[in-house]
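The values are calculated or read from the model by the stated rules, or taken from the named source; none is laboratory data. Since the model is a prediction, treat every value here as computed from it, not as a measurement. Cβ placement follows ideal geometry from the backbone for every residue including glycine, while neighbour counts extend to all protein chains displayed. Remember, those area values only see protein heavy atoms, side chains included, never the ligands or the DNA or RNA. Shrake-Rupley method; radii C 1.70, N 1.55, O 1.52, S 1.80 Å.
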Amino acid sequence: MKNEECLICKAPLEYLEIGELMECAICHKKEISKTRCINGHYVCNECHTEGMDAIIGVCLEESSKDPVEILEKMMSMDFCHMHGPEHHVMVGASLLTAYRNAGGDIDLDSALAEMMSRGKSVPGGACGFWGACGAGISSGMFVSIISGSTPLENKPFALSHKMTSRSLQAIGDIGGPRCCKRDSYLSILEAIDFVKENFGIGMDRHKVTCTRSSENNQCIGKRCPFSAAGK
């Protein structure tokens, strides 16, 4: 083991085929989950993402048009771990902020609040158990918010699904195991192109090079399109 996995004892995580009733080691809430460490510790999504609300303040003060640049700032904050459901909010929040700064017509304050609510509903482990990575879903939530999609809409409904599909295709093309950083980058880069094509808003982008591979016990090395040197 190179880096922390369990937030309590740093031991590796294990994923169960069938969910079990577990008690959060921090807040003691009991709920069904498929994830715990090999020593039996379970941490709920709420405790895992404690402090994430700070990203709203960061986004409201941000002037960058580059969503990856904004994402990197969030990833460097104390609440963000190498992996975790915080990425299900951060991808969409980064995109909303860059979209507004690039000329997109949205109320960023209310859009971020909506993104926080929606993103938090996607649990950790969705990538492996749902067949849909939360980072990719977050990009679809972003398009849903800027387009005003609902289950009864026509074009916005289609666009949000197409966005999620593009992100998940890019993630699936690389394959596993998990990397919340890699999947977040892939989803954002797909969203930059998608928004330009469908909304006429040009967000900034730059070449992404991962600086966190040494923190990832499951890093895929040269298979990752963001690898700095190919481990």
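Just tell me which lysines come within less than 22 Å, Cα to Cα, of Lys155; anything on the same chain fewer than 8 places away is out.
Of all the lysines, those that pass the test against Lys155 - Cα under 22 Å, at least 8 places apart if same chain - are Lys196.
Calculate, in whole percent, how much of the Cα-Cα pair population of the stretch 58-129 lies beyond 15 Å.
Working: 1335 of 2556 pairs.
In whole percent, the share of Cα-Cα pairs in the stretch 58-129 beyond 15 Å is 52.
Amide H of Met22: which non-local residues (sequence gap of 5 or more, or other chain) have their own amide H closer than 5 Å, using H built in the peptide plane?
Here Glu31, Ile32, Ser33 satisfy the definition.
Under the rule of -39500 (n - 2.57) per DSSP H run of 4 or more residues, summed and divided by the residues of the chain, what mean residue ellipticity at 222 nm is obtained, to the nearest 500 deg cm²/dmol?
Result for the chain, helices only: -14500 deg cm²/dmol.
Between Glu50 and Glu20, what is the spin-label point distance in nm, taking each point 7 Å from the Cα along the Cα→C-beta axis?
2.4
Of Met77, Ile32, Ile8, whose Cα points farthest to the positive end of the dipole of the stretch 1-149 (charges on the beta-carbon: +1 Lys, Arg; -1 Asp, Glu; origin at the Cα centre)?
Ile32
Choose one of His161, Ser138, Gly200: the residue whose Cα lies farthest towards the positive end of the charge dipole of the stretch 123-212 (beta-carbon charges +1 Lys, Arg; -1 Asp, Glu; about the Cα centre).
The listed residue farthest towards the positive side: Ser138.
Pop a pseudo-label 7 angstrom from the Cα along the beta-carbon direction at both Glu114 and Glu197 and give the gap in nm to one decimal.
Modelled inter-label distance: 2.3 nm.
Please tell me the relative contact order of the chain in percent, rounded to the nearest whole number, where contacts are Cα pairs under 8 Å and at least six residues apart.
Answer for the chain is 17 percent.
Per residue, what accessible area does the chain have, given a 1.4 Å probe and all protein chains present, in Å²?
Numbers: 10960 Å² over 231 residues.
Result: 47 Å² of accessible area for each residue.
Taking every alpha carbon pair in the stretch 68-175, what does the distance histogram look like in 10 angstrom bins from 0, in percent?
15, 47, 33, 5, 0
Ignoring ligands, DNA and RNA, what percent of the 1.4 Å accessible area of the chain is carbon and sulfur? Don't skip to the answer; put the middle values down first.
On the way: 5520 of 10960 Å².
Carbon and sulfur together cover 50 percent of it.
I need the shape label for the stretch 162-220. Rule: rounded when a/c is under 1.5, else prolate if a/b > b/c, else oblate, with a, b, c from the alpha carbon gyration tensor.
oblate
Could you name the lysines whose alpha carbon sits less than 17 Å from that of Lys29, not counting residues in the same chain fewer than 8 places away?
Lys29 reaches Lys120.
With a Förster radius of 30 Å, plug the Cβ-Cβ distance of His28 and Lys155 into 1/(1 + (r/R0)^6) and report the FRET value to the nearest 0.05. Numbers along the way, then the final one.
Values: r = 46 Å, r/R0 = 1.53.
It comes to 0.05.
With a sphere of radius 10 Å drawn around the Cβ of Lys29, what net charge do the other residues whose Cβ falls strictly inside it have (Lys, Arg +1; Asp, Glu -1)?
-2
What's the Kirkwood radius of the stretch 52-96 in Å, using all Cα pairs? Before the final figure, lay out the partial values.
Values: mean 1/r = 0.0961 Å⁻¹.
Result for the stretch 52-96, one decimal place: 10.4 Å.
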